[in-house]
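One structure is given below, encoded as structure tokens.
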Ligand code: 2P0
């Protein structure tokens, strides 16, 4: 038995940062993302005696394998299947660099949800798969769907909280240029970073208060395909998220010097009439949103900045899907 699924990373225009309920992994704030085409995680499940995990050709044990087994267990129990869950050898590959800050956990767990559902024969449907992926890694719940996707905040005790598609990839040909500012993994992962922010940042409550209105403004701009209206709430969502993280104890400094130079360069471009705005995740890279006619100029401007190692370009893409079953 072998089942293969593919999924793509997503980038949040309105950020998720903080959990309402850690056990159920419910986000404290609503988020809105765009699923990216081009970059792909491919995940194959085959029958095995015990669960095993291979990431980009290297066998992994410990926490990564535990999360994989936990997701397969969730699929099995969600489908109320009796008996022992079949064990799987999971082989997952990314065709994009993990260190590029492109949320490889989102595409990884979205692909695993779909491949696992096929492998186990649980036939749960995309909404329940999104809910299960979200429980393992909240941003993964969004990568089940293509195009523009929303994940609401959870209410305490929520059992069912999937992401939902807002508009297909064809809705708006936004372009994303990633300015890569370092090679290598970040110091503090997203889960640990957001939990530390929740527990210790005096600005966490202000972030949770501000986030819903920002997400609403991002949503309106996306629905109207209004780039000018998108700029302010996208940048404020990223900056407010980072402000809350920077004020944690000890403060989370995801940025490096080049990050700040890129932010300034984006604003210079915009002052010169170029449609461009930035967002930043839990790492030092800057993701620049733009429109097709300005993509070349934005890419050139980013590439010329000292400290920018390279750029990666992306555009809206499709949701997770099974590509092989048998
Ligand atoms: C986002 N990030 O909305 C935000 C912005 C990072 C910064 O979702 O703890 O790996 O597994 O639910 O989904 C990354 O966090 O966190 C993330 P968990 P996840 O894209």
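No lab work stands behind these numbers, since they all come straight from the coordinates. As the structure is a computational prediction, the values presented were derived from the model and not from experiment. When we count neighbours, we look across all protein chains shown, and the Cβ atoms used for this are built from the backbone with ideal geometry, even at glycine.
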At what distance in angstrom do the alpha carbon centres of segment 110-189 and segment 265-326 lie from each other?
-> 20
Share of antiparallel DSSP beta bridges in the chain, in percent to the nearest 5?
-> 90
Can you tell me how much longer the chain between residue 192 and residue 274 gets when fully stretched, taken as 0.36 nm per residue apart minus their C-alpha distance, in nm with one decimal?
-> 25.9 nm
Based on DSSP H runs of at least 4 residues, each adding -39500 (n - 2.57), what is the mean residue ellipticity at 222 nm of the chain after dividing by all its residues, to the nearest 500 deg cm²/dmol?
-> -12500 deg cm²/dmol
Rounded to the nearest 10 degrees, what's the angle between the helix 204-224 long axis and the longest principal axis of the chain, both from Cα atoms, 0 to 90?
-> 90
Mind pulling the angle between the C-alpha long axis of helix 190-200 and the longest principal axis of the chain? Nearest 10 degrees, somewhere in 0 to 90.
-> 70
Would you list 180, 286, 231, 274 from fewest to most Cβ contacts within 10 Å?
-> 274, 231, 180, 286
Pairwise label distance in nanometres, residue 315 with residue 224, each label 7 Å out on the Cα-Cβ vector = 2.5
